[in-house]
Structures are given as C-alpha cells and as structure tokens.
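Step one of this worksheet: look at the structure below.
The values are calculated or read from the model by the stated rules, or taken from the named source; none is laboratory data. The structure presented is a predicted model; accordingly, all values stated were derived computationally and were not measured. A quick note on method: Cβ atoms are made from the backbone with ideal geometry, for glycine too, and the neighbour counts reach across all protein chains shown.
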Amino acid sequence: MSLLVFGHKSPDTDSVCSAISLAYLKNKLGMEAKAYALEEPRKEAQFVLNYFNVAKPEILKAGELKGKDVVLVDHNEIAQTADEIGEANLVEIIDHHKIGGLSTDLPISLRIMPVGCTCTIVYSLFKENNVEIPYEIAGLLISAILSDTLIFKSPTTTKLDKEAVYALAKIAKVDYEKYGMEMFKAGTSLEGFSIDEIVNMDFKEFDMSGNRVGIGQVMTLDIDAVLSKKDEFLAYINGTEFDMLVLAITDIINEGSYLIYKGEDKIISDAFSVGACQGVFAQGIVSRKKQLVPKLTDAVKNI
C-alpha cells in the first residue's frame, strides 16, 4: 500500500520539504510513497520550491485518508494534523517537537530528535541508508534547516543541523548565508496579507493546563509595518475563542520577538521577564518550540 507523507496544517518550509524529501527516500528504498500538504504552502516554502524547480505537493482532499498508511513529519499534535487522521493507519512519525497527544492502536516507527529541524533528521536517514542526495532534494533540505534555525541564530540549532547544512550546501551549490537571507526576504514580506492571514500564517494550538492556547509566529524584516497595525491585530486576537493567544513578531536581525497577546499580563511578564504590555519586545525569544511554548506552559501552570 502506498504511503501518504505530510506535515502539519499551515505548512511551512520544514513541513513541505521534509514530506517531499522523505517520500523521495522511501521510494528509493523500494516503498511506494507520495508527499502531500494539508493546505497551500506558505510564501517562503513556495519560494524554495520555485528556486529548486520542485513541484509543490498535492493538497490532501477530504476522504483520502480513510484506510491509508500515513507518515507524519514535523508534527505529532492532534490539533496540528489532518482532521481525519483517526480514519488512517498511522505507521510512522518523524519530528523534532515535543511529544503531543496522538495515540495509536498498534506500534509504529517513531523518530523524534532534539534538533533544529525535521529535515536534519531526514538528512540523517539518507546517510544511514547510503542513499545519494540529489541537487533538488539537497536544496529542499538545506532550505528547511536554515529556515527553522534562522541561519543558526535560533537556540534550537544543534551540531547536527550545522553539519547537515555544510554538507548540503556543496550539493545544492549555494552560499548558505547569502541564500538563507534571500529566502527570508522572499518569505517574510507581509504585503497584501490581511490581519487574520498574518496571525494564522504560522499558527499552532496547544493545551496548557486545560487552557486552549494559540501561538502564532511571524518572521519579518519589516517590523514597523506590523506594529503600526497593533490595535487591529489586538482586536482580531481578542475576538478569538482561545483562552490565550500570543502573536510573536520575530525580528530576525535583532534576535527577539515583539508580542501582541490575549491573556493575563502576569503570564507574559512571568514567562519572558518583561514589563507586560502590548507590543513588548522579548529579547532573545525567537523559537516557538524551545522558548515560547515551554515558557508559556510554565507560566500558565504557575498562575
């Protein structure tokens, strides 16, 4: 039976590139596999696909999962995956996040590593299986790692991420620093996007001590354009049904995030050691996985 490989909702560069690259590897190892996406890839991911001339994955349609063997990449949270995941046979998860709420009736293959990017794990799988990495797959892998690690500025960055980038840069024929900035510039422009589209552009939902918490993150080189609409963002955020919602506007150059939020000021001040106010700058906070989620989780727990 063919394997369906896909990442999380609102697919980012890692979600898209890890699905395509892993499906390629599975096929090289004699398994029939196809990469899908749950929604249209984000702007940065589309730039990467165009740059390396790779077709974007098909969007998974309603009803396609029933009875199918599924491999999840770059996520393992129920709220972040396909709505019909319960109708599929989940056979494998490859991820770099904390373990979420998914459960299975049968044992599955599970590869979760504390690295900066799922594509770093996929790169390791190519090496472990002695499968040559072609130019376009190398391009996808290095793009995702540079994206998730913010060109090594994120605290999630590990030695394995760096080693993968150095090796993949040679195959993909790119100067990784110059290419990484070109990718960020192409992917972080928010021109033409509405308030709700920006909030939900890179959005994930979590359960924190029984509270429904949403965390959106926008990485942009044009911070002023977002902060000038702070009141509009706040009006939208306060109108949601989440118990708490935080939008982190991440400044790649200055390595920190401006926070617009729905929730108690004390949670924000306790979590990030700041004087809580709308648009406050949290120095050094650039990673949702390693900073935003655990710090908010602890603050909510202790409130």
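From the list 237, 268, 215, 260, exactly one residue is of a type in the set (Val, Ile, Thr), modelled with pLDDT of 95 or more and more than 22 Å from the chain's Cα centre (by Cα). Which is it? Don't jump to the end; show me each part of the working.
Working: 237 fails: more than 22 Å from the chain's Cα centre (by Cα); 215 fails: more than 22 Å from the chain's Cα centre (by Cα); 260 fails: more than 22 Å from the chain's Cα centre (by Cα).
Only one candidate qualifies: 268.
Only residues that are surrounded by fewer than 16 Cβ atoms within 10 Å (Cβ to Cβ), of a type in the set (Lys, Arg) and modelled with pLDDT of 95 or more: list them for the stretch 120-165, please.
127, 159
Can you report the number of residues in the stretch 249-273 which are among the hydroxyl-bearing types (Ser, Thr, Tyr) and over 12 Å from residue 286 (Cα atoms)? Can you show your working first?
Filtering the stretch 249-273 for residues among the hydroxyl-bearing types (Ser, Thr, Tyr) gives 250, 257-258, 261, 269, 273.
Adding the requirement that they be over 12 Å from residue 286 (Cα atoms) leaves 261, 269, 273.
Residues in the stretch 249-273 being among the hydroxyl-bearing types (Ser, Thr, Tyr) and over 12 Å from residue 286 (Cα atoms): 3 in total.
Within the bounds of the stretch 102-119, is there any residue that is modelled with pLDDT of 95 or more, touching a Gly at 6+ places or on another chain (Cβ under 8 Å) and assigned to a loop (DSSP other than H, G, I, E, B)?
Looking through the stretch 102-119, none of the residues is modelled with pLDDT of 95 or more, touching a Gly at 6+ places or on another chain (Cβ under 8 Å) and assigned to a loop (DSSP other than H, G, I, E, B).
For the stretch 66-78, how many residues meet the condition of being over 19 Å from residue 13 (Cα atoms) and within 22 Å of the chain's Cα centre (by Cα)? Spell out how you get there, then give the answer.
We begin by selecting, within the stretch 66-78, every residue over 19 Å from residue 13 (Cα atoms); these are 66-70, 78.
Restricting the remaining residues to those that are within 22 Å of the chain's Cα centre (by Cα) gives 70, 78.
Residues meeting the conditions: 2.
Assess whether residue 207 counts as being in contact with a strand residue (DSSP E or B) (Cβ under 7 Å, 6 or more places away or on another chain) and of a type in the set (D, E, K, R).
Values: in contact with a strand residue (DSSP E or B) (Cβ under 7 Å, 6 or more places away or on another chain): no; of a type in the set (D, E, K, R): yes.
Considered against the rule, which asks whether it is in contact with a strand residue (DSSP E or B) (Cβ under 7 Å, 6 or more places away or on another chain) and of a type in the set (D, E, K, R), residue 207 comes out as no.
Taking the condition of being assigned to a loop (DSSP other than H, G, I, E, B) and touching a residue at least 12 places away in the same chain (Cβ under 8 Å), how many residues in the stretch 208-231 meet it? Full working, then the answer.
First, the residues of the stretch 208-231 that are assigned to a loop (DSSP other than H, G, I, E, B): 209-210, 221-222, 228-229.
Then keep just the ones that are touching a residue at least 12 places away in the same chain (Cβ under 8 Å); that gives 209, 221-222, 229.
Counting residues in the stretch 208-231 that are assigned to a loop (DSSP other than H, G, I, E, B) and touching a residue at least 12 places away in the same chain (Cβ under 8 Å) gives 4.
So residue 227 fits all but one of (1) touching a Phe, Trp or Tyr at 6+ places or on another chain (Cβ under 9 Å); (2) surrounded by 18 or more Cβ atoms within 10 Å (Cβ to Cβ); what number is the exception?
Going through the list (1) touching a Phe, Trp or Tyr at 6+ places or on another chain (Cβ under 9 Å); (2) surrounded by 18 or more Cβ atoms within 10 Å (Cβ to Cβ), residue 227 breaks only (2).
Scan the stretch 166-182 for residues that are at pLDDT 95 or above and hydrophobic (A, V, I, L, M, F, W, C) and jot them down.
Residues satisfying the conditions are 167, 168, 169, 171, 172, 174.
Criterion first (under 17 Å from the mean Cα position of the chain (by Cα) and not assigned by TED's automatic domain parsing to the domain that holds residue 219) does residue 63 satisfy it?
Numbers: under 17 Å from the mean Cα position of the chain (by Cα): no; not assigned by TED's automatic domain parsing to the domain that holds residue 219: yes.
It is false that residue 63 is under 17 Å from the mean Cα position of the chain (by Cα) and not assigned by TED's automatic domain parsing to the domain that holds residue 219.
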